[in-house]
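Enquirer: Dropping the structure in here first, questions after.
Coordinate-derived values only; no laboratory data. Remember, it's a predicted structure, so these values are computed and weren't measured experimentally. No Cβ is skipped: glycine too gets one built from the backbone with ideal geometry, and neighbour counts run over all protein chains shown.
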Amino acid sequence: MATRNQDARAASSEGASEAKLHALDYWRVIRVRFGVVLLAFLLVLLTTGITTYFMPRQYRSTVSMELKYESETMKVFDQNRAGGLDPRFAPTQFEIIQRKEVLYPVIDKLKLVQRFSQDYGTSISKEQAYLRLRNLLGLKQVRNTEVLDLSVTYTDPQSAAEMVNAVAESYQAKKREQKQDVTSSSLTQLQGQVESQKQKVNELQTRLAKMREADPTIIDNDNDRSIGVEDPRRQVVASKEEELGKSNTQLAALTSQLSEIEKLSGDALLRAIPTLEINEPTILKIFPLYQDLIATEAAMLNSGLGPQHPKIKALRAQKDVYASQLKDQIEAVRNSLSTRRNIVRETNEKLRKQVESLREEQRSLRKGSQEYFEVKGELVRAMQVLTAAEQKLSSESIERQMPQVPAIIWEKAEPASIPTSPKVVLNMVLGTIVGLIVGIGLAFLIEYLDTSIKTMEDVESLLGVPVLAVVPKNIRLLHKNPPDIPDAEAYRILRTNIEFNRKSADANTISMVSGGPGEGKSTTLANLAYICAQGGYSVLICDADLRRPTQHKLFEISNAIGLTNFLTTNLNLEDVILPTGIENLSIIPSGILPADAVGILNSQRMSDMIAELKTRYDIIFFDSPPILGVSDGSVLSSEVDQSIIVVQHRRFPKAMLKRVKQAVTNVGGTVLGVVLNNVDLRHDPNYYYYTSYYNYYSPRSRAEAQASVPAAQPASAGRGGQGGEY
């Protein structure tokens, strides 16, 4: 179980490290393609700035209006009146504002057809002017209010203010006209209702008058007024019924109280005194004293005094006196209540008989007047409706004569001094964001499409051979600099890897090949030969790049006699092998290539020369021409023991590198390994671990080394530079 947990933790740690590497890879892509990112960013930002600069300036003018939310029809009694502003009201009014009935008068008033025609540079119709004006309009409702901000956005601030003011005034006039039309129509309808109601009231009044004449038993002192709608004798009945109700209540209370007193006796009656609602003065005075004696007796008994104690006996005697007095008074109250109950009972019976007699009399009298009072009730209701209708008609007539203001303009538009668009800051911020997105996206797209060699893993997985060394960018010519500069360490690593990877000590002829020109092959060979010579090897450089020789320039020797002279004449090797001024290092320059000497490397004399040199020197380096450019490179690879491929980092596609290896192996050559050249450590930090020797050289020693050769320049500055052509 412990082992399993450790494995899980290790896997988790490995996954976290992998995710971290992925994040670093993303950052590496951005750093490598920083130029592309910056260029795309600047182009987008510049385009945004130019577009913003040339965009026409738009000015917005705004009118603030308060809209009166009212029903389109009048109601006599104001039923179903809205309690607040309908959320659909503002959008509805904005749609109304955009209608032709509102905007056409504005177009005619401001002559917008001619103005817009000048903007377009061609004549337009009124319909087109209407569509243009409609597109210029904007609306914003102030939250929780009936205020609307109507705006027009246009290139001329004065024209924008004129347009929006004219639109607001046109809408206001249209709403006023509509309000007046609605009010007039409603008044006409209301007048008809009033006349109809008057006719109904007159008919009911006439009918009541005839009923009073026909039936003399009908008593109505108020005639047709709203007071006394029913028979006045009903008030007498109601009064007697009210007296009877009070009498019944009093009788019930007396009966209940007397019943409670009669149910109790002795001490129970005394204890119930507070609940019996007895207001007799003597009882109210004696009962508290009686309760105090009971409490005092209980306290003395609890303190340890016996029942026969003189104090206890005295208290009990006093208590018995109070109890006797209370019982006598309660008995007196009982007799009083009984007498009062009998009196109330007799009175109640008399009232009941009177009410029944009055009810019977009223029923007999109202048999003939019931229809009359029903008609009178209908008349009273009709008169109430008529009164309300007349009041409404009067108020609406007065309101119609007053100015109608369905929309109030609180703030007229004024010409804007600052354009609302284009928004320079917002556009530039968006341009910055879009520029970064485009630049980073383009960088990743180029990285995705880029098939060049980027990592050591790319080389080893593609060719199946090891990477012998990683050479940083801007390496200098070592023989022109102090021997302890950090640049030399990359070639020491290369020398060591060659020693351990070549087949045997006899395999001492090595050619430096590349797929195309400019991959740093010649400079790599010169520096490697110098490091091997420093290590005690007897080293020879043979410049076999006959078309574009370089080694004589790097070591500053004459190229008048060299390899071509040896291969085309009878010169001896000693005549073409020249000293370089560096211990253990000699060179055979390329010599001058005759016009008729193409293909001279593919000769027996060349093979014999290589065999002879193998016996004289520990290591012989051949500077080969680009192997994919001419056939000399393939011929030379077939003659030497091993070949080293020099690949410039992030330059040529992988397919080209694969063809380089095939070109060597197809002629029977052997690829010893690959030198990954011209690596920019600033953009490719993954190679830091392969070139970390720089940290082992103190700043002081590097400064001294540079100070000792102030005239020395990086090799990349000339034709023999690491990142240059050779």
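Enquirer: I want to check the label-to-label distance for residue 424 and residue 143. Put each point 7 Å from Cα in the C-beta direction and report it in nm to one decimal.
Expert: Distance between the two pseudo-spin positions: 3.1 nm.
Enquirer: Lysines within cross-link reach of residue 311: Cα-Cα under 23 Å, excluding same-chain residues under 8 positions apart?
Expert: The qualifying lysines are 319.
Enquirer: Mind checking which lysines have their Cα closer than 24 Å to the Cα of residue 392? Skip sequence neighbours fewer than 8 apart in that chain.
Expert: 68, 75, 175, 179, 198, 200
Enquirer: So for each of 140-152, 408-420, 659-671 I average, over its residues, the number of other beta carbons within 10 Å; can you give me the resulting order with the highest mean first?
Expert: 659-671, 140-152, 408-420
Enquirer: Measure up 140/174; 614/658; 246/376; 473/521; 246/350; 109/423 against 24 Å on the Cα-Cα distance and list the ones that go over.
Expert: Distance filter (> 24 Å) returns 614/658; 246/376; 109/423.
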